[in-house]
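Heads up, the thing below is written out as structure tokens.
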Amino acid sequence: MTKAIIEIRNLTRMFGSLKAVDNLNLTVGEGEFFCFLGPNGAGKTTTIKILTGLLRPTSGTAVIAGHDISTDMVKAKQIIGYIPDHPYVYEKLSGREFMNFVAGMYHVERPDLDRQIKELMSLFGIYEYADQLIEDYSHGMRQKLIFSATFLHSPRIVIVDEPWVGLDPKSIRFVKDYLRARTQEGVSIFMSTHTLSIAEEIADKIGIIHKGRLIAHGTVDEVKAKERNLEDIFLQLTAEEPEIPLPR
């Protein structure tokens, strides 16, 4: 049995009276590619922000490789790489300067750091823009820069929130293959996505969340056992109750 590296236990997050995440229990194993699915507002991004230490849970815990994200945040963050749906970058830095800045945050002081920066930026097709200011980068280029920076400190867990925004089909194919290859090296991927066909193609396990609650979890085959494809089961499980027409 694969050892769990992410353990979510009875996790709840309230925003006033709104329960964004409702008693969520979930584990992700070492080297597992996990895809987190759900409609807009289901609780995916809230869960991810808790896992990355950007939000605190109202109750329950999230444990990252044995470190409680609420009480042992620094050690947990040291082994996480985070790729948000909207890249946060310092626009007055060049791509190379940003990479060095991120390396400094994670205390990456390898003698071959310059070579690694070149390799990563080249892998994601942006090294020729390394000395250009980020303010001149397109959204897709910024996303590729975040991907490049994420792997500088060799994270054991990579958490990705809807990574395909702004990427062309060739880049999407490369990112899928690259993330899949990292799992073969033992890296765990926790990815939120709306792209069901991609989840069906690459995920070891999927979880479907709806209104803050986990309503399906398992391998793709297990989850879609009663349907022909993942889209059918997703729409079935997340269907809203029909509205009752008001009397005229």
> Three principal axis extents, largest first, for the C-alpha atoms of the chain, in Å?
Replying inline: 67, 42, 39
> What residue among 112, 85, 22 shows peak mean-square fluctuation when the chain is described by a Gaussian network model with Cα springs under 10 Å?
Replying inline: 112
> Using the Cα atoms as the points, what is the convex hull volume per residue of region 99-169 in Å³?
Replying inline: 102
> Between their Cα atoms, which of 75/170; 75/144; 118/205; 3/176; 19/176; 92/211 are more than 29 Å away from each other?
Replying inline: 75/170; 118/205; 19/176; 92/211
>> From the helices alone, meaning DSSP H stretches of at least four residues, give me the mean residue ellipticity at 222 nm for the chain, per-run term -39500 (n - 2.57), in deg cm²/dmol to the nearest 500.
In response: -9500 deg cm²/dmol
> Restricting the count to DSSP beta bridges whose residues both fall in the chain, what percent are antiparallel, rounded to a multiple of 5?
Replying inline: 55
> In region 32-158, how does Rg compare with the Kirkwood Rh, expressed as the Rg/Rh ratio over alpha carbon atoms?
Replying inline: 1.00
> Among 79, 141, 54, which residue has its Cα positioned farthest towards the positive end of the charge dipole of region 1-159, with +1 placed on the Cβ of Lys and Arg, -1 on the Cβ of Asp and Glu, and the dipole taken about the Cα centre?
Replying inline: 54
> From the backbone phi of region 199-209, what are the Karplus-calculated ³J(HN,Hα) couplings (6.51 cos²θ - 1.76 cosθ + 1.60, θ = phi - 60°) in whole Hz, Gly and Pro given as x?
Replying inline: 4, 5, 7, 10, 6, 6, 9, 10, x, 10, 10
> Once amide H atoms are built 1.01 Å from N in the peptide plane, which residues 5 or more positions from residue 213, or in another chain, come under 5 Å H to H?
Replying inline: 22
>> Averaged across orientations, what area in nm² does the convex hull of the alpha carbons in region 1-71 project?
In response: 4.9
>> Take residue 113 and residue 173, extend 7 Å from each Cα along the Cα→Cβ direction, and tell me the distance between the two endpoints in nm.
In response: 3.6
> If you count, for each residue, the other Cβ atoms within 10 Å and average over each peptide, how do 180-188, 76-84, 103-111 line up from highest to lowest?
Replying inline: 76-84, 180-188, 103-111
> Which residues' amide hydrogens lie under 5 Å from the amide hydrogen of residue 218, considering only partners 5 or more residues apart or on another chain, with H built in the peptide plane?
Replying inline: 206
> Any idea what the relative contact order of the chain is, in percent, if you count C-alpha pairs under 8 Å spaced at least 6 apart?
Replying inline: 26
> Put a dot 7 Å past each Cα toward the Cβ at residue 101 and residue 9; how far apart are the dots in nm?
Replying inline: 3.8
> If the chain between residue 131 and residue 225 were fully stretched, how many nm would it gain, using 0.36 nm times the residue separation less the Cα-Cα distance?
Replying inline: 28.8 nm
> Does region 78-131 come out rounded, prolate or oblate by the C-alpha gyration tensor, with a ≥ b ≥ c the root eigenvalues, rounded set by a/c under 1.5 and, if not, prolate when a/b is larger than b/c and oblate if not?
Replying inline: rounded
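Throughout, read-outs are computed from the coordinates displayed, never taken from laboratory work. Computed from a predicted model, the values in this text were never measured in an experiment. Cβ sites come from the backbone with ideal geometry, for glycine too, and all protein chains shown count toward neighbours.
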